[in-house]
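A short worksheet on the structure shown next.
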Amino acid sequence: MLTSAQSERLRVVLVRTRNPLNIGAAARAMSNFGFHHLRVVDPYAPAFEEARSAVGASSVLARAEKFERVAEAVADCTLVVGTTALGHRHLHHTLRRSEDAARLVRQRLHSSNVALLFGSEKFGLTNDDLSHCHWLLRIPTQEENISMNLGQAVAVCLYELIRASRVPRQPEKLPSASAAEVERITTRLLEALEASGFLDLRRVRDSEQRIRRLVRRLHLPACDAVIWLGIFRQIVWKLRSGRSQAD
């Protein structure tokens, strides 16, 4: 079972949900399994307000936080895990079954915050949403009906997390960089690539998403993140100052 400290470090993030019953069911599942931090990104406002009256989940919904962008909702987390029914989409991430994913999430919850992302009822998580994730999980379902109800999916994932695990704790030697730190590095790197002309030579539609995924695959420690951010700042400054002198 998870300790209370581990439970406090989990953030359940619902992205662009529209059905108040699903929001309420997700909050109810969180209350059932001892999780308290619900975050919603760009929700359908009337549905979110109606869901606040959900029976058995009022305390979770009362303290739920609303954000405009996924990056803001996961900024204090060192591990961001997206959920997907897979379907026919092409993925750029490692995909794990829910039981295997739960083991890795439990390990990270010993030391830092983790975000579990769930997409809208109709479309799930977009490619831009997924670019904020380190890897993805799926709940094994029958091919004839692979998509689960949002509230049910939240409940299954949280149940997997609280199941007893015999896996010994594997403490990390170095604290990982937060999502906010990684996003700042990504922004500076994109500025450097733009200033150097790299993106002009390799112009692709989803270049920002590719760079974001690339940086996240590095799994940077917090101490290294500070150094990388300083390096890219200096590169951007040098490139821009050199260009202004040439002009």
For segment 4-162, the dipole about the Cα centre with charges only on Cβ (Lys and Arg +1, Asp and Glu -1), to the nearest 20 debye, works out at 240
By the C-alpha gyration tensor axes a ≥ b ≥ c (rounded if a/c is under 1.5, else prolate when a/b exceeds b/c, else oblate), the shape of segment 4-162 is rounded
Per the charge dipole of segment 179-246 (beta-carbon charges, Lys/Arg positive, Asp/Glu negative, Cα centre), the residue among 214, 185, 228 reaching farthest to the positive end is 214
Taking r as the C-beta separation of residue 203 and residue 94 and R0 as 25 Å, the FRET efficiency to the nearest 0.05 is 0.35
Rounded to the nearest 500, the 222 nm mean residue ellipticity computed for the chain from DSSP H runs (n ≥ 4, each -39500 (n - 2.57)) alone is -14500 deg cm²/dmol
Projecting the Cα atoms of 124, 15, 98 onto the charge dipole of the chain, where Lys and Arg contribute +1 and Asp and Glu -1 at Cβ, the residue farthest towards the positive end is 98
For residue 66, the lysines lying under 28 Å Cα to Cα, once residues fewer than eight places off in the same chain are dropped, come out as 122
Each label sits 7 Å from Cα toward the beta-carbon; between residue 103 and residue 210 the label points are separated, in nm, by 3.4
Each label sits 7 Å from Cα toward the beta-carbon; between residue 173 and residue 21 the label points are separated, in nm, by 5.2
Sorted by chain and then number, the residues having a modelled amide H within less than 5 Å of the amide H of residue 79, at least 5 places away or on another chain, are 115
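The numbers here are math on the coordinates, done by the rules we state, and not lab data. What you are looking at is a predicted structure, and each value in this text was computed from that prediction instead of being measured. Positions of Cβ are backbone-derived with ideal geometry, glycine not excepted, and every protein chain shown enters the neighbour counts.
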